[in-house]
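Following: one structure in structure tokens, then a few remarks.
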Amino acid sequence: MAARRFHIVATRLALAVILCWAGLASADAPRRVVSMNLCTDQLAMLLAGPGQLHSVSDISLDPRMSAMTEEARDYVINQGLAEEIYLMKPDLVLAGNFTTRASVAMLRRLGVEVVEFEQARSLPEIRSNILRMGEILHRQSAAREMVAHFDARLAALQQDSGDRPDAMLYYASGYTSPAGTLSDQILQAAGFDNAAVKAGLGTQMKIQLETLAMLDPDIVITSQPYPGASRSEAIMQHPVVEALRAELPFATVTDSDWVCGTPHVLRAIESLAETRHRLTKNTP
Amino acid sequence: MTRLAIILCVLVVGLFFGSLLIGPAEIGITDSLSALFVDDGGAMTLVMREIRLPRALLALMIGASLGLAGAAMQGYLRNPLAEPGLIGVSGSAAFGAVLAIHTGVAASFALALPFSALAGALCGVFLIMALAGSRGTSLTLILAGIAVSALAAALTSLVLNLSPNPFAASEIVFWMMGSLADRSMTHVWLAAPFMAVGFALLGGLGRGLDALTLGEDSAQAMGIGLTRLRLMLVLGTACVVGAGTAVAGAIGFVGLVVPHLLRPLVGAHPSRLLWASALGGAAMVLTADIAVRVVLPSRDLKLGVLTALVGAPLFLHLILKLRRERI
């Protein structure tokens, strides 16, 4: 008798918990989301339902860094400061995992729910970030659709075979993208071999000018200069770099398409693949 | 005397070739020298002529400049603590250079960058001379130097922080510490004319500085025009330090350490100390530049870090010595 009563109570309790969970789950869809990182801004703008996303970061308005400046104008802009974000009364904050640490910590202390996203370092990680953003915003079907579209476009791009020239990415202060970076994957998907990886530079981020000259890659792809002069960027006008870039001096990395793990990297791959066609046609 | 000259020359030549032969590209000795003299149209000539040669030349020129300027200032002010880096002349030159680069003047005509650094250095020297005076004590000189250095550093940081370029702010350390990484022959040609003028001006100070060791009155009695002497010193220092700082940032302590080490070897004659310090300075900067490439090849360790590690203890030693002498 006692056992049976206990059983009923247990069942009811379990049912109540399940009902409660389900109720929470549907109510759980965030309605006022604030994003404070360039890359979560873009994923959120791509996936959020109407009115769900309240604010994006100011970097999203910078055409050099952001692929979605037009869209970003429709949202309230934040500077990533804990104070202003708290006053927006968000029910969910999206952040990158290595920026504005102090702000994230403070928001958590104030009881705001913060979800952090890893910077995507590979094409598969872009897929998983899209799906995760779909989960968090309760827009799973939109996310799945976006991933399917991403996969299809990527597959079409990668069918294109041919010569694989050696390319070196060369940024301000002599930095490059070694293996294990998104830029390396973009390069490979566009049909290039990364000269830094081939030279066995490992995960070394900085490449010396002498090493670059001796590697003599088929193409050197530099970053686009920012306004105002700087010594760090002056290295791209060094006679050695100019000599190496003599053939295709305009091959550059467009930060806005390269920097974030979003479907916009496909645009980077497309334009890079075009550069490769020009290069392989030019060289006999 | 001549023995010291020969030793220093051999040292500088040896270090110069060492600088040409050391680098991450690991080219053999004969290969690299032949690539330097005969254009093979390939990567090796590019590395030798456009990376290593300018680097070695600049180390030589800037080292000689700093050594010479240090010896000349110490001779004129009769104070072993006078040094372009410590008293803020290099810092002011860096401010001039930064201002030229970030206002866009440097891009408008080729020599704007060294001219602007020269103007900065001139302001720095004038300020020091006005504040400390030629009869000033070590204390006033150092205090004036601290003030000028701090002001120049603050203004440099301000300009770099205001720049719309995101990389500018991270370059503060380059301007404060100096580096010869990734320079090209362009930089050599920018600095060379100014340094030639500066060397000529400072090199001609020898007789005047020797006479000055007997005191200003005796020097004047010997027919030394003190105003002209001071003008040559100020202009010469501004030329060499300005040109060097414009292309490689502010490298400190060279002008302090080198004259101090060589002074006993030249019998404390300021005129002999001038050329000895020029050679010694070249040797010190060449050594430091080789060291940064050997110790941390991929990190672009700043030259000023090494020179300060050597120079700062010596600076403290000098202060303690001066204090003992005073007592």
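Observations on the structure shown:
- When A:D62, B:D31, A:D163 are compared by accessible area at a 1.4 angstrom probe, the order from most to least is A:D163, B:D31, A:D62.
- Per residue, chain B exposes 41 Å² of accessible surface when a 1.4 Å probe is rolled over the protein heavy atoms with every protein chain present.
- Inter-part distance where region B:22-56 and region A:91-152 are each reduced to a Cα centre, Å: 49
- Computed with a 1.4 Å probe on the full set of protein chains, the accessible area for B:Y76 sits at about 10 Å².
- Cβ charges +1 (Lys, Arg) and -1 (Asp, Glu), total dipole of the protein assembly as shown, debye: 1960
- Interface residues of region B:21-63, defined as those with an accessible-area decrease of at least 20 Å² between the chain by itself and the complete set of protein chains (probe 1.4 Å), are B:P24, B:A25, B:A43, B:L46, B:V47, B:E50, B:I51.
- Result for chain B in a Gaussian network model with C-alpha springs under 10 Å: among B:L162, B:L286, B:L143, the largest mean-square fluctuation is at B:L162.
- Of the residues B:C123, B:C9, the one with the largest accessible area comes first in the ranking B:C123, B:C9, computed with a 1.4 Å probe on protein heavy atoms.
- Residues of region B:64-112 that lose at least 10 Å² of accessible area (1.4 Å probe, protein heavy atoms only) when the other protein chains are present, relative to their chain alone, are B:I101, B:H102.
- Using θ = phi - 60° and Karplus 6.51 cos²θ - 1.76 cosθ + 1.60, couplings along region B:242-255 (whole Hz; Gly, Pro as x): x, 5, x, 5, 4, 9, 10, x, 8, 10, x, 6, 4, x
- Distances between placed amide hydrogens fall under 5 Å for B:G178 paired with B:A250, B:G304, all partners being 5 or more residues away or on another chain.
- Heavy-atom accessible surface of A:K89, to the nearest 10 Å², is about 150 Å², with a 1.4 Å probe and all protein chains retained.
- Computed from the C-beta positions of B:F126 and B:I146, the FRET efficiency with R₀ = 22 Å rounds to 0.85.
- Per residue, chain B reaches -24500 deg cm²/dmol at 222 nm when only DSSP H runs of four or more residues are counted, each adding -39500 (n - 2.57).
- Number of partner chain Cβ atoms within 10 Å, mean per residue of A:110-119: 0
- Shielded residues, region B:283-321 - accessible-area loss of 20 Å² or more between chain alone and all protein chains, probe 1.4 Å: B:P297, B:S298, B:D300
- Length added when fully stretched, A:E84-A:E70, from 0.36 nm per residue minus Cα-Cα: 2.8 nm
- Zone residues, region A:44-62, relative to A:D91, backbone N less than 16 Å from point 7 Å out along Cα-to-Cβ: A:48-55
- Accessible solvent surface per residue of region A:110-167, calculated while the other protein chains remain in place, 1.4 angstrom probe, Å²: 55
- 10 Å beta-carbon shell around A:P165, net charge (K/R +1, D/E -1): -2
- R0 of 30 Å, Cβ-Cβ distance A:E116-A:D58: FRET efficiency to nearest 0.05: 0.95
- Region B:39-120: C-alpha gyration tensor shape, a/c 1.5 cut-off, then a/b vs b/c: oblate
- In the protein assembly as shown, the portion of solvent-accessible area held by carbon and sulfur atoms comes to 63 percent [1.4 Å probe, whole percent, DNA, RNA and ligands not counted].
- Nearest 10 degrees, 0 to 90: helix B:2-21 Cα axis against chain B principal axis: 30
- Close amide-amide hydrogen proximity is noted between A:D193 and A:D166, A:A167, each under 5 Å apart and 5 or more residues distant or on a separate chain (H modeled in the peptide plane; Pro and chain starts excluded).
- Each stretch of four or more DSSP H residues adds -39500 (n - 2.57); spread over every residue of chain A, this sum gives -14500 deg cm²/dmol at 222 nm.
- Computed with a 1.4 Å probe on the full set of protein chains, the accessible area for B:T45 sits at about 10 Å².
- Pairwise label distance in nanometres, B:V294 with B:W189, each label 7 Å out on the Cα-Cβ vector: 3.3
- Chains B and A, summed buried accessible surface - 1.4 Å probe, Å², nearest 100: 2300
- Straight-line reach from A:K206: taking Cα to Cα under 18 Å and skipping same-chain neighbours fewer than 8 places apart, the lysines in range are A:K198, B:K302.
- Check: chain B dipole with +1 on Lys, Arg Cβ and -1 on Asp, Glu Cβ, in debye: 940
- Rounded FRET efficiency, nearest 0.05, which uses the C-beta distance separating A:A246 from B:L261 and R0 of 35 Å: 0.15
The values are calculated or read from the model by the stated rules, or taken from the named source; none is laboratory data. These figures come from a predicted structure and were not determined experimentally. Virtual Cβ from ideal backbone geometry, glycine too; neighbours counted across all protein chains shown. Protein only, heavy atoms only, side chains kept; ligands, DNA and RNA dropped before computing areas. Shrake-Rupley method; radii C 1.70, N 1.55, O 1.52, S 1.80 Å.
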